[in-house]
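Quick notes on the structure that follows.
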Amino acid sequence: MGEIKIVAQLYTLRDECAKDYAGTMRAVAAIGYKYVQVSGFHGLEPQQIRETIDDAGMRCVSTHESYDAVTKDLDAVIARNRILGAETIICPWVPGTREETADAATWQALAAVLNTVGRAVRKAGLTFGYHNHDHEFRIFNGRYGMDILMEGADPENVALELDAGWAWFAGVDPAAYLRKYPGRAPIIHAKDHDTADKTKNRPVGDGALNWPPFWDACRAVGTSYAAVEEDTCILPPIESMARSFNNMVAMGLSAE
């Protein structure tokens, strides 16, 4: 069981990145982050993003790429991820799966599509995965939509980027759920929620989630990276990212 390295998911800092990408990368590095997960290019070319991250002394280990991109322009997705040096390409959500009309067949069909994408990504030497929100945990004939997806796709082709916060939001124990998929979660999302208003995010370790059992589960299934992500920050985003980082180091995750 190796170390779990702390990653900055740049979606949290989307507004800051849009205004000053290079300055934001320097600020993230000054906190202590060594790794980032890119989410959006903000009008910059992949090589510019790579150079900016490199100049700040960090490394891109993963990206979020849209469903349209991975299904309609996968060659370009793979090419830019190679430029960035990313190991893992994650599809963060899929249109049509949130609607009330989504059913078991929706998830079965998606499993087949993502399996095809993942096979091509694996042949290119990278890993492909899927990131959950809360709607993946609707139940169809006794099974979560997430399980229909994960069981319908080849484990070699589709990994699980479990978002611990969204699983908790859906009423699911993230630690127990992660243990269902050993060897299949190279990167996870660390997200915490406010106890009074669960739609808002607190720094990791300051909110409602119980983190020690989750880190134990990550180590048990072979997770390498924990990416800090906040969708709706209560604190200023960079301050929240700093507090998350320090809390996670205190909980035994790796700053290196």
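Scanning segment 8-43 for residues that are farther than 21 Å from R82 by Cα, open to solvent by 40 Å² or more (accessible area, probe 1.4 Å) and either of a type in the set (D, E) or assigned to a loop (DSSP other than H, G, I, E, B) (or both) yields D15, E16, D20.
Taking every residue in segment 161-183 that is under 16 Å from I90 (Cβ atoms) and pairing it with any residue that is surrounded by 22 or more Cβ atoms within 10 Å (Cβ to Cβ) and of a type in the set (D, E), at least 6 positions away or on another chain, the pairs with Cβ-Cβ distances below 9 Å are D163/E229; A164/D192; G165/D192; G165/E229; G165/E230; W166/E136; A167/E136. List pairs: first in segment 193-213 and of a type in the set (S, T, N, Q), second surrounded by fewer than 18 Cβ atoms within 10 Å (Cβ to Cβ) and outside any loop (DSSP other than H, G, I, E, B), Cβ under 8 Å, 6+ apart or cross-chain? Going by the 8 Å Cβ cut-off, the qualifying pairs are N201/C233. Scan segment 169-203 for residues that are touching an Asp or Glu at 6+ places or on another chain (Cβ under 7 Å), among the small types (G, A, S) and open to solvent by 70 Å² or more (accessible area, probe 1.4 Å) and the total you get is 0.
Scanning segment 209-240 for residues that are of a type in the set (V, I, T) and closer than 25 Å to T88 by Cα, we see that the one that is surrounded by the fewest Cβ atoms within 10 Å (Cβ to Cβ) is T232.
Reported count of residues in segment 113-148, each being in contact with a helix residue (DSSP H, G or I) (Cβ under 8 Å, 6 or more places away or on another chain), more than 29 Å from T232 (Cβ to Cβ) and open to solvent by 60 Å² or more (accessible area, probe 1.4 Å), is 2. Flag: D206 matches the condition of being buried (at least 17 other Cβ atoms within 10 Å of the Cβ) and either touching a helix residue (DSSP H, G or I) at 6+ places or on another chain (Cβ under 8 Å) or in a helix (DSSP H, G or I) (or both). When we screen D216, D197 for residues that are acidic (D, E) and assigned to a loop (DSSP other than H, G, I, E, B), the only hit is D197. Count of segment 94-141 residues, restricted to those that are assigned to a loop (DSSP other than H, G, I, E, B), of a type outside the set (D, E) and modelled with pLDDT of 95 or more, is 7.
The values are calculated or read from the model by the stated rules, or taken from the named source; none is laboratory data. Since we're looking at a predicted model, the values are computed, not measured. Here Cβ is always computed from backbone atoms with ideal geometry, including for glycine, and neighbour counts include all displayed protein chains. Note: areas computed on protein heavy atoms with side chains; ligands, DNA, RNA excluded. Shrake-Rupley method; radii C 1.70, N 1.55, O 1.52, S 1.80 Å.
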